[in-house]
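Notes to accompany the following structure.
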Amino acid sequence: MAIRVTVRVKPGASRNKVRGSFGDPPALVVAVSEPAIDGRASTAVCRAIAEAVGVSLSKVSIVMGQTNRTKVVEINDNDPQIERKIAELLKSEE
């Protein structure tokens, strides 16, 4: 089962962080230390989300918005707890 999540990327942050929401409907805020150059921030986004929800990096991919700050990320895992983890991250303060 694949889960799709809309994320808002903040490249060039002081540290990687996955928490909080942006806009309506809410997008998960992902701050990454990598700059938005040559896809480095996009790779860091996948890595940060994988760590935050507890899956391997190979199960996370960007399916829309590769060069935009707002992206759609797909998590390919059958763990039913992933949706709960994402909901908790959306509710946590930035």
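If packing is taken as the average number of other Cβ atoms within 10 Å across a peptide's residues, how do 39-48, 61-70 rank, most packed first?
Those peptides, ordered most packed to least, come out 39-48, 61-70.
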In nm², the average projected area of the convex hull spanned by the Cα atoms of the chain is 5.4
Taking a straight Cα-to-Cα line shorter than 12 Å from Lys59, and setting aside same-chain aspartates and glutamates fewer than 8 residues away, one finds Glu51, Glu74, Asp77, Asp79
Length gained if Ser33 through Arg84 is fully extended, taking 0.36 nm per residue and subtracting the Cα-Cα distance, is 15.8 nm
Two pseudo-spin positions, 7 Å from Cα along C-beta at Gln66 and at Ala13, lie apart in nanometres by 2.4
Taking alpha-carbon centroids only, segment 51-80 lies from segment 1-32 a number of Å equal to 11
At R0 = 25 Å the Cβ-Cβ FRET efficiency linking Ile3 and Ser92, nearest 0.05, sits at 0.90
Label model pair Glu74, Ser56: point-to-point distance (7 angstrom along the Cα→beta-carbon line) in nm is 1.8
Listed by chain and number, the residues whose amide H is under 5 Å from that of Lys10, excluding neighbours fewer than 5 places away on the same chain and using placed H, are Val30, Ala31, Val32
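Every read-out reported here was derived from the displayed coordinates using simple, explicitly stated rules and does not represent laboratory data. Quick caveat, the model's predicted, so the values are computed rather than measured. Neighbour counts run over all protein chains shown; Cβ positions are idealised from the backbone, glycine included.
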